[in-house]
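K.L.:
After the structure tokens below, expect a handful of questions from me.
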Amino acid sequence: MSDTIEKVSIIISKGSLEGIYPGLIMTNGARAEGIEANLFFTFFGLDAIHKARNEHIKLATVGNPGLHFATIAGGLPGVSTAMTHYMNHKMEKLDIPSIPEFVEMIADTGAGMYACKASVDLFGLEKNDFIDQVQDIITVGEFYEKAAGGHIIFT
Amino acid sequence: MSTVTIAATDVELNDEGFFVQPEQWTEDMVPELAHREGIDELTDAHWQVIRFMRSEFLSKGTGPTVRVLGKTSGVSIKELYQLFPKGPAKVAAKIAGIPKPRGCI
């Protein structure tokens, strides 16, 4: 293994706000360092590239110990939406882009962007459901081919 | 840390290749610095970015991250990565003789 990282392939498997952002930041950060990067969305991560859903990603407020917020309160109607709104507001002040804008920006950096075929089939989706930046719907084997020679980061 | 001769002047670079003393930089050094980064043809767009990085550093004390660069330099993210494939903010900072910008976006 060489001293520097030359290539990373990052998997986003979750559909919550805090489950999606880390993978995006890592991919964008890799590109900013001149590291070749692929971004692969699977399971609920598909929401981040789904045309109808990518603007409605919520913070997980139930059973999320890291939030330091009572689960019983987190489950009340409207709480998830309100906390998501608050979180988005804080991120906007730090100039952290929204998920749709971030994904588009990452595509502009030249990162590869793919959806997981198994998940697409499972959820009955098709290429048309995704944003234009998604290059292809690929299998796990094809993902490994693309990831070859680099690191794989699962989020 | 090492002393390197650029445009017939001795300058100090850190291990990553960034200027330790930004004051040592002059615009004459740009072609040679760019060449060290694998860029042999400097277009107007390259110069625009390099000068912008330098002026942001001088006025704000730090160079901009890629996102800020894309929003305020007049050059889009897409074009930035075409001009500087190995990382726009990082490479342009080296060529502009400023420290590496710190930021996660």
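We did not get these values from a lab; they are worked out from the coordinates using the rules stated. Just so you know, these numbers come straight off a predicted model, no measurement behind them. Backbone-built Cβ (ideal geometry, glycine too); neighbour counts: all protein chains shown.
K.L.:
Summing Lys, Arg as +1 and Asp, Glu as -1, what charge do residues with Cβ under 11 Å from the Cβ of A:GLN135 carry, A:GLN135 excluded?
P.N.:
0
K.L.:
I would also like to ask the following. If you average the C-alpha positions of the stretch A:41-86 and of the stretch B:58-92 separately, how far apart do those two centres end up, in angstrom?
P.N.:
The stretch A:41-86 and the stretch B:58-92 have Cα centres separated by 32 Å.
K.L.:
For the protein assembly as shown, what does the helix formula give at 222 nm: sum of -39500 (n - 2.57) over DSSP H segments with n ≥ 4, over the residue count, nearest 500 deg cm²/dmol?
P.N.:
Details: 11 runs with 105 residues, N = 260.
Taking each H run of at least 4 residues, the total per residue is -11500 deg cm²/dmol.
K.L.:
Another question, if that's okay. Give me, ordered by chain and number, the residues 5 or more places off A:ILE153 or on other chains with an amide H under 5 Å from its own placed amide H.
P.N.:
A:SER9, A:ILE10, A:ILE11
K.L.:
Run through the DSSP bridge list for the protein assembly as shown and note the antiparallel percent, rounded to the nearest 5. Display every interim value, and only then the final one.
P.N.:
Working: 7 of 24 bridges.
Of those bridges, close to 30 percent are antiparallel.
K.L.:
Over chain B, what is the relative contact order in percent, taking alpha-carbon pairs closer than 8 angstrom and at least six residues apart?
P.N.:
Over chain B, the number comes to 29 percent.
K.L.:
Between the helical axis of A:99-108 and the dominant principal axis of chain A, each derived from Cα atoms, what acute angle in degrees is found, rounded to the nearest 10?
P.N.:
Roughly 10 degrees between the two axes.
K.L.:
Net charge within 14 Å of B:ALA7 by Cβ-Cβ distance, Lys/Arg positive one each and Asp/Glu negative one each, not counting B:ALA7 itself?
P.N.:
Around B:ALA7, the surrounding residues sum to -3.
K.L.:
Please determine, in degrees from 0 to 90 and to the nearest 10, the orientation of helix B:44-60 with respect to the longest principal axis defined by the Cα atoms of chain B, where the helix direction is its Cα long axis.
P.N.:
Tilt relative to chain B: about 80 degrees.
K.L.:
Less than 12 Å Cβ to Cβ from B:VAL75, Lys/Arg counted +1 and Asp/Glu -1: what total charge do the surrounding residues give?
P.N.:
Local charge sum for B:VAL75: 0.
K.L.:
Let me ask something else about it. Between 0 and 90 degrees, rounded to the nearest ten: what's the tilt of helix A:17-32 against the longest Cα principal axis of chain A?
P.N.:
It is inclined by approximately 30 degrees.
K.L.:
Remind me, relative contact order of chain A in percent, using alpha carbon pairs under 8 angstrom and six or more residues apart?
P.N.:
Details: 235 pairs, mean separation 52.3, N = 155.
In percent, rounded to a whole number, it is 34.
K.L.:
Do any chymotrypsin sites (Phe, Trp or Tyr not before Pro) in the stretch A:18-98 lie in a loop, going by DSSP, with at most 16 other beta-carbon atoms within 10 Å of their beta carbon, and if so which? All intermediate terms of the calculation are to be shown ahead of the outcome.
P.N.:
On the way: sites: A:PHE40, A:PHE41, A:PHE43, A:PHE44, A:PHE69, A:TYR86; in loops: A:PHE69.
Hits after loop and neighbour filter: A:PHE69.
K.L.:
For peptide A:89-97, how many partner chain Cβ atoms fall within 10 Å of a residue's Cβ, on average?
P.N.:
Other-chain Cβ atoms within 10 Å of each residue's Cβ, averaged: 2.
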